[in-house]
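Working notes, beginning with the structure itself.
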Amino acid sequence: MKRLKWLQFAAFVLAVACMLPLPHASAATVTVDPTIRVGLFFGSSALPGANLLNDVGSGYRFGYFDESLEFVTLGNTSETAISMVKTQNVWYGKIDNWSGYYDTITSDIAVGCWHLQLPQTYSDFAQASAAAAQYAGGFPAWVDGVYYVRVGNYLDATAAQAAQVTLGLTDATAVTASGAGVSVVKTGTSTILFQFDSTSGQYLAVKPGLDDSVKTETYFRGYSYFGAFQYRRSGGNLTVVNVLPLEDYIQGVVIQEMSPTWPLEALKAQAVCARTYAYRNLLASKHTGQGFDICNTVDCQAYSGIATMSETSQQAVDETRGQYLWYNGSLATEAVYSSHNGGASESAVNVWGQEYPYLIGKTDPYEATVADKISNYNWSVTYTAQELTDLLNSKGYINSGIVDFRVSKTSPTGNAIEITFTDSSGKSWSKTGDACRTFLGLRSIHYTVSGGSGNSSGGSYSVDGTGTLSTLNGAWAIDGAGSTSTLSDGQVYVITGDGNTVPLTSSASGGSSSPDSFTITGSGWGHNVGMSQWGAYSMAQQGYTYQDILSFYYTGIEVRQP
């Protein structure tokens, strides 16, 4: 089921972790609809077992992908529900919070990792399957290019050896798979259909459908997917990778990054951005070490299959097929976007420190027309001085108590690109770029600060010959004896012309003093660079084309095929 946030038109934010240098990508090196590998479960989320269920099409083929990502078939099954499990002891879940999955929590349905292997070898899957059918619990196994018959599954070698005697398989050997081994089982049972084991860097792949006559759709973890699946192991759980054509992948990204009910031209703009960003990752090899090209989280692009595709979203991808963003004859390497910018996008150099000529900040007049549709478009956050003190201390910025927090530098479009914290001793710490958002966990960099010198309506102090200071925090005075002392707002006095002593105040009425709290008032959600998804929505509603949308948010780009 599609998550509620999309029904409420709240788009995901694309969070860019870092800006990776890329090799030059000209039209000659960019192709239309290449195969892409998408990491679904990996690292700490890797799975002991992964279920598949036919939705469109029937049965499955077993095999592996060669170096050219061509599928090599090793076997097949007509079963509609199968599970791939690691070749360690696993059990089928019958408890509510893990019902329907294979895991290491024990139950009465176990898939043991020890088997009895018969000595004969076979030239193909059909011969091995026929031989395996002669034994209860027999199944074909492909081990480093050779087919064997294995019988049963046992929790340890002792149980396997005892079964050898009971079954009278005197010529069999008790075996277990390597750390790369994966068993295919009939879901909900301990019946092994096929086992794959390679010590030469090949990994089990499962291709839904018994042939390619039908464009299959397959359920995995509650979502439906196009394409095939690869299962990688190095001794632990399964890294699950969706392997499919790029255009099929883009179908899934568009409906995650925007609502599939949005206007066609906005969805088309999103499709071109998503396609360009995906191809950039394909070239950058960001996740190659993990066995895939791009992940399924907002660290790359949000992706959970194609279950909620609409006719409009399909049309958006189909009508922009193979189209990418180009700048000066090369593929745009950073087709980044965020949910909404609050009224002004930002230049990449001011956020990530690297300049891209097509990622230039500009005032965005379009979001405001749909602001009433955007959840939390305008927002505010208040920090007490003590909370800021504790926050900086927790992050290693040991201070004597924060007395001032301000936006110390804004961009030409009004975004915060430097913030400064000052403590009671006059020591200051500054954060720049995207840290103006992430350091405090804010929704965007389009904000102002009220309280202390962060108050954009606050006053200033005249300094003879040097201009003004917005605050005395961090300033020093030298007395007649040559001694120095710190100055701070509200603690400096002057003698007036009539001989009275009064507190020194800033040029703003009411003076200035160290506040107890600082209020951050802003709008937008995301890093503010590139396309605003809600801005695209607004432009599409106003009749602009996807080329118009992309040309507005990406300076000087072209939209075309290689």
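The values are calculated or read from the model by the stated rules, or taken from the named source; none is laboratory data. Because the structure is a prediction, the values reported are computed rather than measured. Counting neighbours? That spans all protein chains shown, and the Cβs are built from the backbone with ideal geometry, glycine included.
With the structure loaded, tell me whether Ala307 is among the small types (Gly, Ala, Ser) and in contact with an Asp or Glu (Cβ under 8 Å, 6 or more places away or on another chain) or whether it fails that test.
No: the conditions fail for Ala307.
Scan (1) without any contact (Cβ under 8 Å) to a residue 12 or more places away in the chain; (2) over 30 Å from the mean Cα position of the chain (by Cα); (3) at positive phi for the single condition Gly188 breaks and write down its number.
Evaluating Gly188 over (1) without any contact (Cβ under 8 Å) to a residue 12 or more places away in the chain; (2) over 30 Å from the mean Cα position of the chain (by Cα); (3) at positive phi leaves (1) as the failure.
The conditions are (1) modelled with pLDDT under 95; (2) touching a His at 6+ places or on another chain (Cβ under 7 Å); (3) hydrophobic (A, V, I, L, M, F, W, C), and Val351 fails exactly one of them. Which is it?
Of everything listed in (1) modelled with pLDDT under 95; (2) touching a His at 6+ places or on another chain (Cβ under 7 Å); (3) hydrophobic (A, V, I, L, M, F, W, C), Val351 misses just condition (1).
Hey, could you check region 97-119 for residues that are surrounded by fewer than 21 Cβ atoms within 10 Å (Cβ to Cβ) and β-branched (Val, Ile, Thr) and say which is nearest to Ala162 (Cα to Cα)?
This residue is Ile109.
Pairs only if they're at least six apart or on different chains, beta carbon under 8 angstrom, first in region 353-378 and in a helix (DSSP H, G or I), second loosely packed, with under 15 Cβ neighbours inside 10 Å; list them, first residue then second.
Thr369/Gln542; Ala371/Asn378
For residues that are touching a residue at least 60 places away in the same chain (Cβ under 8 Å), within 14 Å of Ile250 (Cα to Cα) and among the small types (Gly, Ala, Ser), tally how many sit in region 298-334.
Total meeting the criteria: 7.
Look through Ala81, Ala141, Ala110 and report the one residue that is in contact (Cβ under 8 Å) with a residue 24 or more places away in the chain and touching a Lys or Arg at 6+ places or on another chain (Cβ under 6 Å).
Ala141
Starting from region 399-424, keep only residues that are assigned by TED's automatic domain parsing to the domain that holds Gly342, then list their pairs with residues that are at pLDDT below 95 and surrounded by fewer than 21 Cβ atoms within 10 Å (Cβ to Cβ) whose Cβ atoms are within a distance under 6 Å, requiring at least 6 positions of separation or different chains.
Going by the 6 Å Cβ cut-off, there are no qualifying pairs.
Can you pull out the residues in region 208-225 that are within 15 Å of Gly63 (Cβ to Cβ) and not in a loop (DSSP other than H, G, I, E, B)?
Correct list: Pro208 only.
Could you tell me which residue of region 67-78 is surrounded by the most Cβ atoms within 10 Å (Cβ to Cβ), considering only residues that are within 17 Å of Pro245 (Cα to Cα) and touching a residue at least 40 places away in the same chain (Cβ under 8 Å)?
Phe71
Output the residue which, of all residues in region 520-536 that are within 19 Å of the chain's Cα centre (by Cα) and not in a strand (DSSP E or B), is surrounded by the fewest Cβ atoms within 10 Å (Cβ to Cβ).
Filtering region 520-536 for residues that are within 19 Å of the chain's Cα centre (by Cα) and not in a strand (DSSP E or B), the one surrounded by the fewest Cβ atoms within 10 Å (Cβ to Cβ) comes out as His527.
Does region 393-437 hold any residues that are surrounded by fewer than 17 Cβ atoms within 10 Å (Cβ to Cβ) and of a type in the set (Lys, Arg), and which are they?
Within region 393-437, Lys395, Lys409, Lys427 meet the criteria.
Could you tell me whether region 87-96 includes any residue that is at negative phi, of a type outside the set (S, T, N, Q), modelled with pLDDT under 95 and surrounded by 13 or more Cβ atoms within 10 Å (Cβ to Cβ)?
The answer is yes; a qualifying residue exists.
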